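The values are calculated or read from the model by the stated rules, or taken from the named source; none is laboratory data. Only a predicted model underlies this, so the values are computations on that prediction, with no experimental measurement involved. All Cβ positions, glycine included, derive from the backbone under ideal geometry; neighbour counts span all protein chains shown. Calculation scope for accessible area: heavy atoms of the full protein, side chains included, ligands and nucleic acids excluded. Shrake-Rupley method; radii C 1.70, N 1.55, O 1.52, S 1.80 Å.
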Amino acid sequence: MNSSSFQHKMRMDLRYRLVTAMLVCILPIAIVGCILFGIVWNRSERGMHEAQQIRLDEAMSYWERDTSTIDRAISYFVSQYLPELNNENLVWNDVLRYEMFAMVEQILPEAEHSGIAALYDVREGKVLCQMRTANQDAGLIDRQVREFSRRIQSGPEMPDDTWQEIDGRYYLIERYDYHNASIYFALDVGNSILDRTEPLRSADTVVYVADGAKIVRLSREEAAETNLTWEDCTRSTLQHSSLSWKSERLPIAVCLVDDSTILERLPKESLALLAIMVFCLGSVLNLPRLIRLEVLDPARKLRDAMHEIQLEHLDFRLHDTFYRNSEDMQYLFDTFDEMADEIEASREKDKKMYQAEMDNLRLQVNPHMLLNSLNTIYSLAQMKKFEAIQEYALHLVDYFRYALRRNDNLVTVEQELDFIKTYIEIQKIRYPGLLSFVYAIGKECGEASVPPLLIQNFVENSVKYAVKPGRVTEILLNVNRRDDRLEISVTDTGTGMKPEILEALRTGEPFVDAMGQKHIGIWNCRRRIEVFYNEAPNISIVSGQGGTQIFLDVPYQTEEHQ
């Protein structure tokens, strides 16, 4: 191969073109971009994290300071009502109780906290309770106040500096006990912390609060416990960054987890880097178009062509020249057309062989029917039963018109049943008073498709071998559907088959009697099932003194599936 032909082949080779484009355009840009992006990201992320941590520390320090305001307010309250709180001989009345509670419930707004304030009269067991919050449902407020009052009255289950969950919200308990009364403040940790950290949060920020035993995820609607550990919350990764704060006085720790993407957290100075990367990537925007034209569109065209062949559109060919722009696609398209030609030729050959085999099997169905019919007509003529001859001849015409038909490869169960009825009427003339036929066709079975003469062959065997002089023989036909299968059974009340005949029929081979005559009826049915359904025949035969049963299982098909 000379140099020019080698260069031409390399230019036309699809793999060479794609690999070259990726190595020249994408790989260097990706390497340089990743290095620069890593440097800028590392510096900016560290700077942003330190600045945000300082802001979080300041915000939560103010929050902790406001919490301490409650202690100072309680000290003032005690100075005003010390005798009432500790005098053992003092008895409260409703006026005093409400006057004291009016001062208690003003402490939360002064400390800029949301929550519940309660005054508990130890002697009489009465609780005055009020919730201080904004933008809350009245029903929710009422439930929380009643639940908080119930817990106060139930006993010492809310010690100081503990957490309580009340109706989906978490509260930090501040408790002050005196001889005659106990004062409770349930600080709404969720709303107060969310308010203080709002300037630090974005739409993707998740707030976690820990009390040392559990981790709670906060939201405006409802707080919920999680299975996370504190280490899980505070671990920073590429997917999220975290800020944390712990109180030295209270059992509370706060963690802000930002689940925004890296690009969303980049500072403004990184825009220059992004602009450079966008500019570089713009030079390779032609690569997706190249892949589409060279790979995706031809592959889609080839896939559609294969689908056409699957739909039996065997004359479909790939005549497009637009997609034959590389040696690879030229070879694939030409090979597809050659394979389609071979499939079409092979299918035509198979059709001819199939039709010849079906004609041969059709002619083998009943070679003795015509001779037996002529003998019957001759006997009826001797007895001068001319009306019976006319009826017999009409049934015989219908019989052979159906048996020798060539226009349909499959018939419906209903058509096969009509033919069986015609055959039974012929046999009733031959065997007057000795034959009874009963059938039951299940729902949706009448339109099912079966090979012609398939069911009739088993009915004919029952007539030939089960009908005996001096007794009425009953033949029962059942056709039912089970999922995607058609179950057919033919039962007679004859004397059954001889063991050697039954064994020969079960092997699937034609039975040869003592006279050397070959019986091919059931073998014929097995062969036709193989040809029509392309599967092994499922035929079982049970025979005894009480008669013979033949069970047949074939796929359920209708005309639209043929």
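State in Å² the accessible area per residue of the stretch 364-504; use a 1.4 Å probe, count heavy atoms of protein chains only, and round to the nearest integer.
Numbers: 7340 Å² over 141 residues.
Value returned for the stretch 364-504: 52 Å² of accessible area per residue.
Expressed as a fraction of 2.2 N^0.38 Å, the C-alpha radius of gyration for the stretch 82-206 is 1.15.
Please sort 176-182, 216-222 by packing, taking for each peptide the average over its residues of neighbouring beta carbons within 10 angstrom, highest first.
Peptide ranking by packing, descending: 176-182, 216-222.
Sorting the segments 65-72, 417-424 by their mean number of nearby beta carbons within 10 angstrom, highest to lowest, gives 417-424, 65-72. Using the Karplus relation 6.51 cos²θ - 1.76 cosθ + 1.60 with θ = phi - 60°, the per-residue 3J(HN,Hα) values for the stretch 53-69 come to 5, 5, 5, 5, 4, 5, 4, 6, 5, 4, 5, 5, 5, 5, 5, 5, 4 Hz, with x marking Gly and Pro.
Within the set Lys301/Lys349; Lys443/Lys468; Lys385/Lys468, which residue pairs have Cα atoms separated by over 30 Å? The pairs that break the limit, which is 30 Å between Cα atoms, are Lys443/Lys468. Within straight-line reach of Lys428, meaning a Cα separation under 15 Å, sit the following aspartates and glutamates at least 8 residues removed in sequence or on another chain: Glu387, Glu391, Glu460, Glu474. Computed from the C-beta positions of Glu348 and Glu221 and an R0 of 60 Å, the FRET efficiency is 0.25 to the nearest 0.05.
Neighbours of Glu338 by Cβ distance under 14 Å: Lys/Arg scored +1, Asp/Glu scored -1, total -4. Extension gain, Val95 to Gln330: 0.36 nm times the residue separation minus the Cα-Cα distance gives 74.6 nm. What FRET efficiency do you get for Ser44 and Phe551 if R0 is 60 Å and r is their Cβ-Cβ distance, rounded to the nearest 0.05? Taking R0 as 60 Å, the efficiency between Ser44 and Phe551 is 0.15.
What is the local net charge at Asp160, summed over the other residues whose Cβ is closer than 9 Å to its Cβ (Lys, Arg +1; Asp, Glu -1)? So the surrounding residues net to -2. 3J(HN,Hα) couplings calculated from phi for the stretch 433-440 with the Karplus curve 6.51 cos²θ - 1.76 cosθ + 1.60 (θ = phi - 60°) are, in sequence order, x, 10, 9, 10, 10, 10, 9, 9 Hz; Gly and Pro show x.
From the Cα gyration tensor of the stretch 430-562, with a ≥ b ≥ c the square roots of its eigenvalues, which class applies: rounded if a/c is under 1.5, or else prolate if a/b is larger than b/c, or else oblate? Oblate is the answer for the stretch 430-562, as a/c is 1.5 or above yet b/c matches or exceeds a/b.
Need the full-extension length gain, Met369 to Thr229, defined as separation in residues times 0.36 nm minus the C-alpha distance. One decimal, nm.
Roughly 41.5 nm would be gained on extension.
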